[in-house]
Amino acid sequence: MAMYEPGPALVSYDIAPPLQYKGYEAYRKDYEAYFAQYAGTLTVEERDVHITARGDIGYPSALSA
């Protein structure tokens, strides 16, 4: 979660319902539930990372595997 800005401004989309998470705490709870399903260490690879920025707005997109 270190790469996410804490606070209510965070909006994130995921493949699993509810699909949209509003706020840092909501997304952190989703991560906790996700990781609780697995024993041991997980490895995540980000592929095809693209960062788009214009002025003071930016967003990343990538495939996670």
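Phi angles of region 35-44 translate, via the Karplus equation with coefficients 6.51, -1.76, 1.60 and θ = phi - 60°, into HN-Hα couplings of 5, 5, 6, 10, 9, x, 8, 9, 10, 10 Hz per residue; Gly and Pro are given as x. Just so you know, the averaged projected area of the alpha carbon convex hull for the chain sits at 5.2 nm². Backbone phi angles across region 13-25, fed through the Karplus curve with coefficients 6.51, -1.76 and 1.60 (θ = phi - 60°), yield HN-Hα couplings of 10, 9, 7, 9, x, x, 6, 10, 10, 10, x, 4, 5 Hz in residue order; Gly and Pro are listed as x.
Any read-out appearing in this document is the output of simple, stated calculations on the displayed coordinates, not a laboratory observation. Since we're looking at a predicted model, the values are computed, not measured.
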